[in-house]
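The values are calculated or read from the model by the stated rules, or taken from the named source; none is laboratory data. Since the structure is predicted, the reported quantities are computational estimates derived from the model, not experimental observations. So basically every Cβ, Gly included, is an ideal-geometry build from the backbone, and we count neighbours across all protein chains shown. Accessible surface areas use protein heavy atoms only, side chains included; no ligands, DNA or RNA. Shrake-Rupley method; radii C 1.70, N 1.55, O 1.52, S 1.80 Å.
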Amino acid sequence: MDLSFYSPDAARAQRLAARLRDLASVHWEDSRHFSAERWLQHQPRRQLMLLDFAAEATSASMALARQLASVAPEVALFGVGSTGTDRASGVLCALRAGVRDYIDMDASDEELAALLHKALHHASTDTEQTTTAPAPQGQLVVLLGVRPGMGTSTLAAHLGTRAVASVATGEPASEVSRALLLDLGHPKGDAALYLGVSGNFHYEDALRNAHRIDSTLIHTALPHHATGLTVMTQPIGSADPGNDPAESRLLVKRLQGMFDLVLCDVGGTEVQRIPPGILLAADQIWLIADQAIASVVSLDNCLRELDRMGLRDQRLSLVISHHDTNCVIAANRLAERFQLPLLANLPDRQRILRASANQGLLLQQVAPKDPYLKALTPLLARLRICAHSVQGTSAMPWWKHILLRMRGRRWKAS
């Protein structure tokens, strides 16, 4: 096997060549002098290239991977690095860069041989063994707060955990067993904050790596609440992801293949900024509003935008938050005015919800019989299970084995 190894360190290339001497011929390429134009002129025949993901080379290799992917998408890129405690972040960085697999230099000779022979087969046939998303697809429910402050993230956190917990406790309210909370609301990260979870694999990472998402990645790279609810969020302060419908639709399809329920919080996000693939794929879209005049105006604007996009249809329903029985604008009249089914009235329990959040707890941990939780019953009843099983590949790529070995360590992104 003839391989190119892009690295800024000639000594590291020599060590790699020595390690692989019985398996491949390794040619060092100085990644500091890489030129896409020169690369295209020479058109190397090698269909498999190795990139150095040692700590000091990670940033340069990520940039190089993006260049190679743009000029030669048919070339298989493999990351090379160690899973030692102080260098394990290279695995996640390599994944984010879009490498096909990862060569762990801490692996045995037998493991390296198996990986490289499989890589050669993939490169020669130009195919990649990927997990097939199971069918039928899980349910996608979008919680669309018509403006910030509607309590959408609070609702998403409590609804997601209650949906999963109802299975474990035998409650009849919901049949969902595996659920994902996709936390894409504004301000960013609120739902994850209420759940007390955090991680370093975010929505943007998933968007770039949608084709390789499977049960192993879900199990190892994403945070999980104590109830079993999986969470995928956006880092606070990050830019909004791109609005490519094909990208977001592919990711949603993969996620629906992994979960019975995908609960997506897009509270406070303008309709035109919501990833279009999410809205197009949604089974239900719940508009979260309260009875204040500003909220009514926002609801009207939201519906006009959905109508403009051709998305005002039977999937839309209304949920009234901070419900006040004495308000001049009655909830049922508001639903009639906008010709929307009224799913639930959530009582105004902001004080106790705020108090529980300040303790790092959900409301059911503080006041399990609170009226707010009781008001979730009709919403939980609309969540369903899809009878499917998550299927994995028979031969798990080594970078996923590495993720499993690293489970429990705190990710360190470079």
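Details
- Tallying residues that are open to solvent by 40 Å² or more (accessible area, probe 1.4 Å) and either over 21 Å from ALA294 (Cα atoms) or modelled with pLDDT of 90 or more (or both) within region 326-349 yields 10.
- Scanning region 204-248 for residues that are surrounded by fewer than 21 Cβ atoms within 10 Å (Cβ to Cβ), in contact with a strand residue (DSSP E or B) (Cβ under 7 Å, 6 or more places away or on another chain) and part of a helix (DSSP H, G or I) yields nothing.
Residues checked against (1) of a type in the set (Lys, Arg); (2) at pLDDT 75 or above:
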| site | (1), (2) |
| --- | --- |
| ALA24 | no, yes |
| ARG32 | yes, yes |
| TRP39 | no, no |
| THR58 | no, yes |
| ALA63 | no, yes |
| GLU74 | no, no |
| CYS93 | no, yes |
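- Residues that are open to solvent by 40 Å² or more (accessible area, probe 1.4 Å) and assigned to a loop (DSSP other than H, G, I, E, B), drawn from region 10-25: ARG21, ASP22, LEU23
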